[in-house]
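Taking it in order: structure first as structure tokens, then the write-up.
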Amino acid sequence: AKEAGRGRYSYFTGIMSERADQRMRTEHDLRFALANEDFFLAYQPKVRLPEGRITGMEALVRWRRSDTGEVVPPGEFIPVAEETGLIVALDEWVMHEACRQNRAWQDAGLPQVPVSVNVSLARFDPERLIAHVRKTLADTGMAPQWLEIEFTESQMFTHLERAQELIAQLKALGVQVAVDDFGTGYSSLAYLVRYKFDALKIDRSFVQGLPDDPKHSAIVQAIVGMARALDYRVIAEGVETCAQADALQRHGCHEMQGFLHGRPVAAAEFAALLQRGSVA
Ligand code: C2E
Ligand code: CA
Ligand code: CA
Ligand code: CA
């Protein structure tokens with residue numbers, strides 16, 4: 001029994017140290033990738049129905065590994081970047097690249113729509129973020145109203161009191177602020193009244209249940225009604241089927257983002273979409 005116990009012990013510590021090794025390798029590779037700028041952005045359209053007009057785009061980071069050429073999705077490295085603090089530099093690079101690209105498209109005469117970037121609050125550093133927004137807008141010459149920052153509801157809730165000041169400062173700069181993954185953050189609704197956001201993004205988990213699940217329909221309707229009352233734009237995430245899009249419109253949500261209307265694509269491909277101005 002003693003032998004077996006020891007065996008099990010080393011088996012589990014083996015798994016744990018393997019995970020730690022893996023994490024350290026990812027951290028090391030991420031540091032290198034940041035210095036090397038081995039990242040690129042994929043852009044996904046936000047559209048307004050029924051016309052299908054493109055009203056915005058979300059910039060989503062991708063890592064192209066220089067060793068294997070493999071493209072790594074953010075779900076596989078954002079958590080490590082958050083744990084190690086590398087996320088701050090990564091988000092800064094993303095914001096700069098998204099604004100540079102948006103400005104380049106504008107200069108090329110393409111129809112201009114706002115670009116949204118995701119900013120992690122895992123390392124909450126409002127002064128640094130504000131300074132970076134100012135610098136990015138100055139460097140790229142992009143006007144502030146074309147930049148939107150998405151914060152997840154859950155991360156904002158973690159910093160509920162101090163986030164208020166951050167949001168106010170961003171708004172003062174003229175940048176738009178959206179609440180991402182709305183409905184999953186377990187936060188008090190009072191903060192929606194206190195803060196001044198521009199948009200709420202209904203989490204994909206609620207959209208998935210449409211049109212048949214009455215509970216999900218009720219939640220979506222409640223969010224749309226609240227967004228209207230508070231004068232926020234409301235965008236449904238993860239729309240994959242026509243039936244979902246129809247239900248959303250019936251519930252009063254006309255702006256959406258999902259595979260149905262366009263997957264995230266690299267800049268060159270997105271430019272063609274932007275030129276058309278609509279996904280219809
Ligand atoms: P998110 O901000 O909620 O972004 C939406 C995610 O849903 C994207 O995954 C997008 O590709 C995916 N998606 C869009 N439409 C559909 C759909 O119809 N069905 C399904 N199943 N999925 C859809 P992606 O690009 O893998 O990003 C995952 C998450 O990683 C993002 O979720 C965001 O939290 C994070 N992320 C991405 N880029 C950045 C970044 O630059 N900085 C930070 N801090 N986080 C980022
Ligand atoms: Ca987002
Ligand atoms: Ca989201
Ligand atoms: Ca999400």
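The values are calculated or read from the model by the stated rules, or taken from the named source; none is laboratory data. Values in this document were obtained by computation on a predicted structure and should not be read as measured data. Reconstructed Cβ throughout: ideal geometry from the backbone, glycine too, with neighbour counts over all protein chains shown. Side chains included, ligands, DNA and RNA excluded: accessible areas come from the protein's heavy atoms. Shrake-Rupley method; radii C 1.70, N 1.55, O 1.52, S 1.80 Å.
Points to keep in mind about this one:
- Checking the stated criteria, residue 63 turns out to be buried (at least 17 other Cβ atoms within 10 Å of the Cβ), more than 20 Å from residue 136 (Cβ to Cβ) and not basic (Lys, Arg).
- The range 41-87, subset among the acidic types (Asp, Glu) and touching a residue at least 60 places away in the same chain (Cβ under 8 Å), residue nearest to ligand 1 (Cβ to nearest atom): 58
- Elements of type helices (runs of 4 or more DSSP H) in the range 70-159, at least 2 residues being within 20 Å of residue 199 (Cβ to Cβ) and open to solvent by less than 30 Å² (accessible area, probe 1.4 Å): 87-107, 126-140, 153-158
- The single condition among (1) of a type in the set (Lys, Arg); (2) within 16 Å of ligand 1 (Cβ to nearest atom); (3) assigned to a loop (DSSP other than H, G, I, E, B) that residue 201 does not meet is (3).
- Residues in the range 199-243 that are without any contact (Cβ under 8 Å) to a residue 12 or more places away in the chain and at negative phi: 209, 212, 213, 214, 215, 216, 218, 222, 229.
- When the test is whether a residue is in contact with a helix residue (DSSP H, G or I) (Cβ under 8 Å, 6 or more places away or on another chain), assigned to a helix (DSSP H, G or I) and surrounded by 14 or more Cβ atoms within 10 Å (Cβ to Cβ), residue 170 passes it.
- Exactly one residue among 240, 153 is within 16 Å of ligand 4 (Cβ to nearest atom) and farther than 24 Å from residue 133 by Cβ, and that residue is 240.
- The lone criterion from (1) free of Cβ contacts under 8 Å to residues at least 40 places away in the same chain; (2) within 12 Å of ligand 4 (Cβ to nearest atom); (3) in contact with a helix residue (DSSP H, G or I) (Cβ under 6 Å, 6 or more places away or on another chain) left unmet by residue 182 is number (1).
- Subset of the range 139-193 that is of a type in the set (Val, Ile, Thr) and more than 15 Å from ligand 1 (Cβ to nearest atom) - its residue that is farthest from residue 229 (Cα to Cα): 140
- Of the residues examined, residue 212 is one that is over 20 Å from the mean Cα position of the chain (by Cα) and open to solvent by 20 Å² or more (accessible area, probe 1.4 Å).
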